[in-house]
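Notes for the one structure printed next.
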Amino acid sequence: MIVGILGCGAIANLLINKVKDNEDIEIKYFYDRDIEKAENLAKISQGFVVLNFHEMIDKVDLVLESASQSSVKEFALDVIKEGKDVIIMSVGALLDKDLWNEMKNISKKTGAKIHIPSGAISGLDAIKAASVGEIKKVLLTTRKSPESLERDITEEEILFCGKASDAVKMFPLNINIAATLSIASNLDIDVKIIVDPKINKNIHQVYVEGTFGKLFSETENLPCETNHKTSMLAAYSAIHLLNTLNDSYNIGS
Ligand SMILES: NC(=O)c1ccc[n+]([C@@H]2O[C@H](COP(=O)([O-])OP(=O)(O)OC[C@H]3O[C@@H](n4cnc5c(N)ncnc54)[C@H](O)[C@@H]3O)[C@@H](O)[C@H]2O)c1
């Protein structure tokens, strides 16, 4: 499988190093608005930099988006229209209902697959299964360091309490999993974001209630060294998804 990368930052760097030894996957084309970042990754993997994103679409089987919500809005439809698969990391963009519905409709026509990794939370497999019944409530409580949320504070503070659709607009670099949970549960979920000067981890608690019963999960994430907003587990979830796309079996719902 030939893969192109849109956005050559923290996630893409981790991915390149972990996927290098998989003979079935060739990560070959790189695009970033910061050309130096694309050049660095192309050098490591002996791939090619494209100066215009569209140059890579007909050369790849799959595009991994690890750039920004705006890049999803700008490029995702063009990838899917050509029948090419896409992994979306900047999931917040998909809470734009018009964009998400158009992406799903076009992918049905062209056969392109849209993949959304589970990111830095646990329990998404159970939530997908729970969605067969009725999910009545989902609450995501996220606790992050001041560095991760770019706040200069000394006391714990609740920064946001509201719906996922607003959270992803107000914190576009921080709360993609609110969008992932919303799509998986088919609800605009409740979100609380807390900045906590006592921690240096990204802690996500997920509470779900439905006709299946209740679940609670807590994930204490170490941040990526090169981007404290991003958790290692989020990058690992993309790497695991990519590494197992061609497997003959699937674990989890
Ligand atoms: N789904 C999840 O659970 C999850 C978890 C962590 C991060 N993310 C998201 O994944 C994305 C990548 O995360 P990261 O930590 O690698 O970020 P990063 O800031 O380290 O890297 C992003 C790279 O993309 C480039 N970029 C941004 N917008 C672009 C555009 N429109 N066109 C071309 N290049 C563009 C930047 O120059 C940068 O090099 C972010 O949107 C982040 O919010 C999602």
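The values are calculated or read from the model by the stated rules, or taken from the named source; none is laboratory data. For clarity, every value in this text was computed on a predicted model and none was experimentally measured. Glycine also receives a Cβ, built like all others from the backbone with ideal geometry; neighbour counts cover every protein chain displayed. When the accessible area is computed, the model is the full protein with side chains, heavy atoms only, and any ligands, DNA or RNA have been set aside. Shrake-Rupley method; radii C 1.70, N 1.55, O 1.52, S 1.80 Å.
A few comments on the model shown:
- Derived scalar couplings ³J(HN,Hα) [region 83-99; Karplus, 6.51 cos²θ - 1.76 cosθ + 1.60; whole Hz; x for Gly, Pro]: x, 9, 6, 9, 9, 9, 9, 7, 5, x, 4, 7, 7, 6, 4, 4, 5
- The listed residues 188, 24, once ranked by accessible area (1.4 Å probe) with the largest placed first, stand as 24, 188.
- When each of 28/109; 43/104; 37/163 is checked by Cα-Cα distance, pairs over 30 Å: 43/104; 37/163
- Since only 241, 41, 222 are under comparison, the one whose Cα sits farthest along the positive direction of the charge dipole of the chain, derived from C-beta charges on Lys, Arg, Asp and Glu, is 241.
- Relative to the longest principal axis of the Cα atoms of the chain, the long axis of helix 69-81 lies at roughly 50 degrees.
- Across the chain, Cα pairs under 8 Å and at least six residues apart give a relative contact order of 19 percent.
- On the beta carbon distance between residue 43 and residue 217, with R0 = 45 Å, the FRET formula returns roughly 0.70.
- Cβ-based charge dipole, region 1-145, positive-most Cα from 132, 54, 76: 132
- Vicinal HN-Hα couplings computed from phi for region 164-173 (Karplus, 6.51 cos²θ - 1.76 cosθ + 1.60; Hz; Gly/Pro x): 4, 4, 7, 4, 5, 7, 7, 10, x, 9
- Within straight-line cross-link reach of residue 137, aspartates and glutamates at Cα separation under 16 Å, skipping those fewer than 8 residues along the same chain: 188, 190, 209
- Accessible carbon and sulfur surface of region 124-227 relative to its total accessible area, %, 1.4 Å: 49
- Anchor residue 169: lysines whose Cα lies under 18 Å away (excluding residues fewer than 8 positions away in-chain): 73, 97, 144, 192, 229
- Principal-axis tilt of helix 35-44 within the chain, Cα atoms, nearest 10 degrees: 70
- Overall form of region 118-253 per C-alpha gyration tensor (a/c, 1.5; a/b vs b/c): oblate
- Think of it as helices only: each DSSP H run of n ≥ 4 in the chain is worth -39500 (n - 2.57), and spread over all residues that comes to -10500 deg cm²/dmol at 222 nm.
- The long axis of helix 176-185 is offset from the longest Cα principal axis of the chain by roughly 80 degrees.
- For residue 16, net neighbour charge (Lys/Arg +1, Asp/Glu -1) across residues whose Cβ lies under 12 Å away: +3
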